Structure formats: C-alpha cells, structure tokens
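Asker: I have a structure here, written as structure tokens, and I will follow up with some questions on it.
The values are calculated or read from the model by the stated rules, or taken from the named source; none is laboratory data. Nothing here was measured: the structure is a model prediction, and the numbers come from that model. So basically every Cβ, Gly included, is an ideal-geometry build from the backbone, and we count neighbours across all protein chains shown. With ligands, DNA and RNA removed, areas are computed over all heavy atoms of the protein, side chains included. Shrake-Rupley method; radii C 1.70, N 1.55, O 1.52, S 1.80 Å.
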Amino acid sequence: MEQRIQRAERVRGNITVPGDKSISHRAGMLAAIAAGTTRISNFSASKDCGSTLECLTTLGVGIASSGSEVIITGRPDGFQSPAAELDCGNSGTTIRLMAGLLAGLGVEATLTGDESLRSRPMGRIIGPLEKMGALIESSEGKAPVHLVGGRKLVGIEYELPVASAQVKSCVLLAGLNAAGSTSVIERTPTRDHTERMLRGFGVEVDVSAFGSGRKISVHGGSRLKATDLTVPGDVSSAAFFLVAAAILPDSDVTIRDVGLNPTRSAILDVLRAYGVGIEIANERISGGEPIGDVRVRSLVLPKRPTGYSIRGEMVANLIDEVPALAILGACSEGGLEICDAGELRVKESDRIASIVTNLRAMGAEIEEFENGFRVEMSELKGGRFDSFGDHRIAMAFAVAGIAAKGETVIENAECAGVSFPAFYEVLGSLAV
Ligand code: S3P
C-alpha cells in the first residue's frame with residue numbers, strides 16, 4: 001500500500017494512542033501462565049501483539065477479546081506442545097520472550113517469523129538459555145528456533161552483553177521455572193515492564209543496585225496469580241505526534257493516558273532540551289506503570305542545546321524513538337547527533353541505513369556512522385520513500401512528509417500496523 005502525505009501548517013488536537021506494545025506482550029504472556037482469569041484493558045491493537053496472542057492460542061491458552069479488552073484464562077500447569085510452528089510475525093519481543101517462557105516450561109516448540117524477524121540475531125537469547133540447560137536448534141543463531149523441550153532448567157547469573165530488555169525478560173521468564181534463583185545483571189538500565197508486571201502477578205522480584213546498573217533476580221517455582229490491568233498508551237507511538245507538533249510551530253497536541261515509565265520517557269527530556277513545550281497532567285499509576293496526559297506545544301522551531309548529543313546510556317531509553325527523533329533533528333536548529341546506537345542496525349530494518357537513505361533523498365544533510373548518524377537542519381522535500389518494511393520508518397517519514405515541501409508518498413506503508421493500525425488516520429485528523 002502507498003500512503004500519500006500532504007504538507008501541513010500545524011497539528012492540533014486531542015488524541016489517544018494504542019496500548020503499549022511492550023506491556024501488552026508481557027501482560028498476555030504472564031496471564032497465560034497465571035492461575036485464574038486476567039482481564040487486560042487497552043491491549044495493544046498492533047499486529048505484533050496479535051502475534052503473541054496467536055502463539056498463546058496455539059499453545060492451548062483460552063483467549064477471548066472484545067474491542068481492546070482481552071480476557072485470558074491462564075494455564076498455571078503449563079502448555080501443550082504446539083502441533084504447528086509458532087509464528088511470531090514481525091515481533092522480536094514475541095519470539096525472544098516466548099522462547100524464555102517456553103524453555104523454562106520445557107515445552108517443545110519451533111518459533112519463527114517473517115523474513116525480517118528471520119534475519120535478526122537470536123544468539124543473544126540462545127546463549128543464556130543454553131547456559132540454563134536448554135537444548136536449542138537454529139540455523140546460525142537465526143529463526144526458526146527449535147526448542148527441544150523436556151529439560152529442567154537451572155538458574156544462572158547472567159550479565160547482559162547488550163542492553164536489551166528482550167534478552168533480560170527472556171532470561172527472567174525462563175528463571176520462573178528453573179531450579180534455584182536466576183539473576184540478570186544489566187549495566188545500562190533497560191525498560192523494566194517485566195519486573196513491574198511480575199510483581200503485579202504476585203511474583204517476588206529482587207532488584208538491587210549493581211555498579212551504575214542493576215541486578216534483577218527471580219526464584220524458580222514462582223506461581224503467578226491472575227490480576228486485572230489496564231495498559232497505558234504507547235509512548236513510542238506517541239513519539240511521532242510529539243515530534244510532529246514540535247517541528248510545526250503553532251501546533252498544540254494532547255495525547256491522553258500515555259505511559260510515562262522513566263525507562264521509556266526520555267523523549268520528553270530530549271524535546272524539552274530542544275526548547276519544546278511539554279506539560280504533563282493527570283499523572284497517576286495504572287497497572288503498576290506511571291501514566292499521564294502529555295501536551296506538546298511549539299511556538300518556534302526546536303533548537304539543539306550546545307554540546308548536546310544522544311549517546312551512551314541515554315540510547316537504551318530512546319531506542320525505539322530514534323526514527324522520530326531523526327525527523328526532529330532534520331527540522332531543528334543545530335540538528336541532531338546519535339552515537340552508540342549500533343543496536344539500530346538489527347531492528348525491524350537496519351534503521352541507521354533506512355533513516356540515512358530516506359532523509360538524504362528528502363534533501364537532508366546527513367552523515368552516517370557505524371553506530372549512529374548526524375543530521376543537520378535541512379529543508380525537506382517530498383517524493384517517494386520506502387518504509388523498508390519497518391513500521392517506525394513508515395511513521396517517521398509520514399511525519400517528515402507533513403513538514404516537507406510537496407507531496408510525500410510512503411511505499412509499503414501498511415507495515416505501520418505492526419504497532420499502530422490507525423496511524424495515518426490519526427495523523428491526518430491532526431493536520432490543519
Ligand atoms: C522491547 C525491547 C527493545 C525494543 C523493542 C521492544 C521490549 O528491544 O527495541 O521494540 O518489549 O522488551 P531490545 O531489547 O532488543 O533492545
């Protein structure tokens with residue numbers, strides 16, 4: 001599908017975004033192993049979270065849904081071995097977390113996905129799961145990943161070699177059913193939804209400081225109890241509208257009920273640093289996560305503070321927002337520099353290459369590094385741009401399109417549904 005985007009003067013309005021993808025995946029998986037019935041409100045409408053639910057259904061979990069509410073009847077005694085492969089679609093979170101959960105339960109299963117997912121590294125989860133005693137077959141550390149099953153895992157202490165919440169969560173989920181305790185050490189804090197949600201389901205999770213990072217431990221044999229929860233709006237989806245409002249002066253957008261978990265919300269700090277007006281109202285806790293309404297207003301073009309670059313520990317907290325931030329950079333005085341973000345090369349596309357290719361084609365001055373890029377303030381022009389099959393690239397360049405001269409056409413635009421099926425309609429509803 002092609003999506004045509006016209007230049008807009010400003011964006012204005014009051015919207016919500018789909019439930020958080022990371023939190024929805026975890027809610028589905030934890031509900032599936034909990035005793036009792038869990039009602040999840042505002043479950044993400046994304047294709048990715050649909051993949052998680054489909055895998056759980058194939059594993060024999062009872063799931064009913066109506067609108068954005070999902071009701072899951074857990075199987076605390078484990079899953080049946082699936083008759084078919086588990087198709088994780090485009091979703092790295094589904095495959096990596098599900099692998100941990102199933103390995104811990106000793107379930108025999110094959111996990112696979114689309115072409116993009118089959119090209120992404122799975123060695124990062126196979127390594128620690130094998131250390132715990134799992135037997136896993138794969139072709140050079142890529143999906144399909146076959147869990148041989150029938151093995152009782154043993155708890156380990158594992159230091160993450162890359163800052164990855166998916167790997168951390170995979171190991172912790174495996175640890176729930178391993179002998180003894182399982183600890184993950186992360187030098188750089190990553191999103192902590194798994195830790196928060198495990199507690200919500202009644203599991204003891206120990207978290208202690210470890211250098212500048214932390215050590216998270218769970219105990220084998222932990223039993224989960226069903227609990228109802230409401231998923232906050234996805235701050236990573238909100239990011240596109242925050243940036244759209246920031247780069248079109250005289251914009252005023254409020255996004256209600258957005259997740260404000262401190263391991264996810266650094267984009268608000270970046271926007272503030274660029275002089276964009278951000279106000280938070282109605283702050284509260286929902287399902288163990290902080291949420292609130294975010295209003296973004298911009299009177300002048302954003303400006304990069306002197307000596308500012310996004311690097312080091314900051315990156316993990318912004319990793320999914322980089323495509324949106326690249327557009328902020330191209331439309332801000334002083335531009336934007338991102339370093340230490342090599343992980344972007346193994347996302348749904350090589351996001352550094354996708355961003356550089358498209359921004360350059362829009363006329364931006366951009367320099368590519370192995371682990372990042374630097375973009376200068378540029379006058380963007382429309383044209384035809386590929387999404388590279390990557391939802392966040394499609395959405396970021398739709399936002400670039402509303403600030404660009406002339407019409408912008410996003411090719412293979414349907415992949416936005418991987419996280420945000422109604423994205424283009426919502427963007428169109430804000431444009432004035
Ligand atoms: C996610 C973790 C991040 C992020 C992804 C979702 C999660 O991936 O990019 O979109 O839900 O745990 P990594 O753990 O690979 O950094």
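Asker: Counting DSSP beta bridges with both partners in the chain, what percentage is antiparallel, nearest 5? Walk me through the numbers on the way to the answer.
Answerer: On the way: 54 of 75 bridges.
That works out to approximately 70 percent antiparallel.
Asker: Would you list L299, L117 from the most to the least accessible area, probe 1.4 Å?
Answerer: Details: L299 150, L117 0 Å².
Sorted by accessible area, descending: L299, L117.
Asker: Something else now. What accessible area per residue, rounded to a whole number of Å², is obtained for the chain using a probe radius of 1.4 Å?
Answerer: That works out to 36 Å² per residue.
Asker: At 1.4 Å probe size, with no ligands or nucleic acids counted, give the accessible surface of D257 in Å², nearest ten.
Answerer: D257 exposes around 60 Å² with every protein chain in place.
Asker: Heavy-atom accessible area of H219 with all protein chains present, probe 1.4 Å, nearest 10 Å²?
Answerer: 60
Asker: Let's test the formula: R0 of 30 Å, r as the Cβ-Cβ distance of L299 and R384. What FRET efficiency results, to the nearest 0.05? Please report the intermediate quantities before stating the final value.
Answerer: On the way: r = 33 Å, r/R0 = 1.09.
After rounding, the FRET efficiency stands at 0.40.
Asker: I would also like to ask the following. Of the heavy-atom accessible surface of the chain (probe 1.4 angstrom), what whole percent is carbon and sulfur?
Answerer: Working: 7370 of 15410 Å².
Carbon plus sulfur share of accessible area: 48 percent.
Asker: Give the long-range amide H neighbours of T263: residues separated by 5 or more places, or on another chain, with amide H under 5 Å away, using H modelled in the peptide plane at 1.01 Å from N.
Answerer: Amide H to amide H, under 5 Å and 5 or more residues apart or across chains, T263 pairs with D192.
Asker: Still on this structure: Students sometimes get this wrong: rank R214, R297, R351, R384 by accessible area, probe 1.4 Å, all chains present, largest first.
Answerer: Numbers: R214 45, R297 90, R351 0, R384 125 Å².
Ranked from most to least accessible, the order is R384, R297, R214, R351.
Asker: Taking the Cα centroid of the range 182-240 and of the range 324-358, what is the distance between the two, rounded to the nearest whole Å?
Answerer: 28
Asker: Quick check: the angle from helix 391-403's long axis to the longest principal axis of the chain, C-alpha only, nearest 10 degrees?
Answerer: 10
Asker: For S65 and T37, compute 0.36 nm times the residue count separating them, minus their Cα-Cα distance, and round to one decimal in nm. Write down the numbers at each step before the final one.
Answerer: On the way: separation 28, 0.36 × 28 = 10.08 nm, distance 1.27 nm.
The S65-T37 span can extend by a further 8.8 nm.
Asker: Can you tell me which lysines have their Cα less than 19 Å from the Cα of K131? Leave out same-chain residues fewer than eight positions away.
Answerer: The reachable lysines, counting only those whose Cα sits under 19 Å from K131, are K142, K152, K168, K215.
Asker: Assuming 1.567 mPa s and 4 °C, estimate D for the chain with Stokes-Einstein, Rh taken as the Kirkwood radius over Cα pairs, in µm²/s.
Answerer: Numbers: Rh = 21.8 Å.
Estimated diffusion coefficient is 60 µm²/s.
Asker: Report, in listed order, any pair from K21/K347; K303/K381; K47/K303; K21/K303 with a Cα-Cα distance greater than 27 Å. Before the final figure, lay out each step's value.
Answerer: Numbers: K21/K347 15 Å; K303/K381 20 Å; K47/K303 36 Å; K21/K303 31 Å.
Where the Cα-Cα span goes over 27 Å, the pairs concerned are K47/K303; K21/K303.
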